[in-house]
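Following: one structure in structure tokens, then a few remarks.
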Amino acid sequence: MWQNHASTASAAIPSPKPKSGIQFAIHPHIIAWVCIGIYTAAVGFSGFRLYTGMRDRRTLAEKEFFNLADVSATEGSAGFTEAFKENILKALNASKTLQGVILSAGRAGNYSFERFKGETVSWTGDVPHFKPQFGISKKPFIEALQIPAMRNVYISAVYSTIDYGRIITILKHTLFVITAVFGIACLSFILQFFPARSYPPAVKTAPKPGPAPAKKESSPRDKHRSEPVQEKQDASFTPPKEPEPALRSGASVAPPPSEEEVQDLFSKRIGEESAIRDRLSSELHHCAFFEQDMVFLIMTLKAKDQMDILYPLVIDEVIRFFILPDLIFEKAPWGIALILPDITLDQGLAKSGEFHRQVLSKYPEFSRNQGNLYIGMSSRAGRFINADRLMLEAGQALEKAREDASAPIVAFRSDPEKYRAFMASQNTKPS
């Protein structure tokens, strides 16, 4: 006969082990690897900031050099007088990056200008040349000057490639991060040696084994009574639903969103208008460094009715057509601004025309009046131009497009030579 041991099994259950009140859940090796990762990230990010700083400094130096060349060409038309030399030296000292300038004028002689005398330029006979130094550009900028009655006039300059103030700031930030992480690592290491306090466990005693209570047999009458009640409760019983909060409290239904709220809702998929200037400045620096062209484009809707329907349609088409989600921004009222890097103005006109035709053919709401959608644009075109100027040119082109419904796309085409002359006149204008 088999014996049933289930009644005595509960007496053999072991008591739980004591648990400490303070335990370290993170392994020291994990903390070490996290610290190493933060150290590496801090050093890598610092190196990246140094690289971008040197790249931006070269862009600034190139801009300052061409401004200096324009000033030299303007002032040199009256001859290389003492006033000319003083103006060149003032322009050199006013720059943030240029360290030395050499002017080669053929028969008229050679001239040198230095921020710190004797440190940048040395002479071999009558021929000046730049000294090789650490932190000074190895390859100088060179530009031919267009001066009436003079030929073979060239100006060259070198610049400082390192901004020591920026380097000190980056090193301070990196040292702060490394010190903080090192302190956390040391604290974690010290805490490993502190013993954890233990508390006595609460032990439950198992009940003594005894005969199991006999089950009361239910009569057929009791079974007949209980089963239908249980079946009815499982099959048809559902708890009553709570009334809606708005109906319980008597709150009124929220009013429909206003036109400004609708525009904000649809523009969440693209950048905000306040971010246009900073992003455009960054892209201008990037394109200038890699000698690339860039187009800035603004499009807007003229219609005042059904804007909650038309505006999101335009946003959808712009995102699908240009595929530049991080370079698309809202432009009030009911407008969109785009930054198109590495394309020329003619390419921008072609893409804008194709987009305009696609929208008109796809949506009859726009095809009823071609003047509903206007586009204005401008480009860098090899110029050292800031974001405000480029936005102003694109805005003027957009206004021209709005004036003539037969030409809904207008581009601001600039002449780099005339623009350079204009900037030189602005720089030399007396205050």
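The values are calculated or read from the model by the stated rules, or taken from the named source; none is laboratory data. Computed from a predicted model, the values in this text were never measured in an experiment. Don't worry about glycine lacking a Cβ; one is built from the backbone with ideal geometry, like all the others, and counts go over all protein chains shown. When the accessible area is computed, the model is the full protein with side chains, heavy atoms only, and any ligands, DNA or RNA have been set aside. Shrake-Rupley method; radii C 1.70, N 1.55, O 1.52, S 1.80 Å.
Here are the numbers for this structure:
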read-out	value
Some residue of the stretch 380-391 being part of a loop (DSSP other than H, G, I, E, B), among the basic types (Lys, Arg), touching a residue at least 60 places away in the same chain (Cβ under 8 Å) and surrounded by 15 or more Cβ atoms within 10 Å (Cβ to Cβ)	yes
Cβ-Cβ under 9 Å pairs, at least 6 apart or on other chains, the stretch 109-131 side closer than 19 Å to LEU68 by Cβ and free of Cβ contacts under 8 Å to residues at least 24 places away in the same chain, far side open to solvent by less than 60 Å² (accessible area, probe 1.4 Å) and assigned to a loop (DSSP other than H, G, I, E, B)	SER112/THR120; GLU114/THR120; ARG115/SER95
Check on GLU62, over 41 Å from the mean Cα position of the chain (by Cα) and closer than 27 Å to TYR419 by Cβ	no
Subset of the stretch 102-144 (residues that are over 39 Å from the mean Cα position of the chain (by Cα), assigned to a loop (DSSP other than H, G, I, E, B) and not charged (D, E, K, R))	ALA105, GLY109, GLY118, GLY125
Any hit, the stretch 179-187, residues being in contact (Cβ under 8 Å) with a residue 60 or more places away in the chain, open to solvent by less than 60 Å² (accessible area, probe 1.4 Å) and more than 36 Å from the chain's Cα centre (by Cα)	no
Residue satisfying all of: in the stretch 145-178; within 38 Å of the chain's Cα centre (by Cα) and assigned to a strand (DSSP E or B); nearest to GLY37 (Cα to Cα) among these	SER160
Subset of the stretch 292-326 that is touching a residue at least 12 places away in the same chain (Cβ under 8 Å) and open to solvent by 60 Å² or more (accessible area, probe 1.4 Å) - its residue that is nearest to GLU403 (Cα to Cα)	LYS302
Test for LYS139: is it of a type in the set (D, E, K, R) and in contact with a strand residue (DSSP E or B) (Cβ under 9 Å, 6 or more places away or on another chain)	yes
Breaking point among (1) in a helix (DSSP H, G or I); (2) of a type in the set (Phe, Trp, Tyr); (3) buried (at least 20 other Cβ atoms within 10 Å of the Cβ), for PHE329	(1)
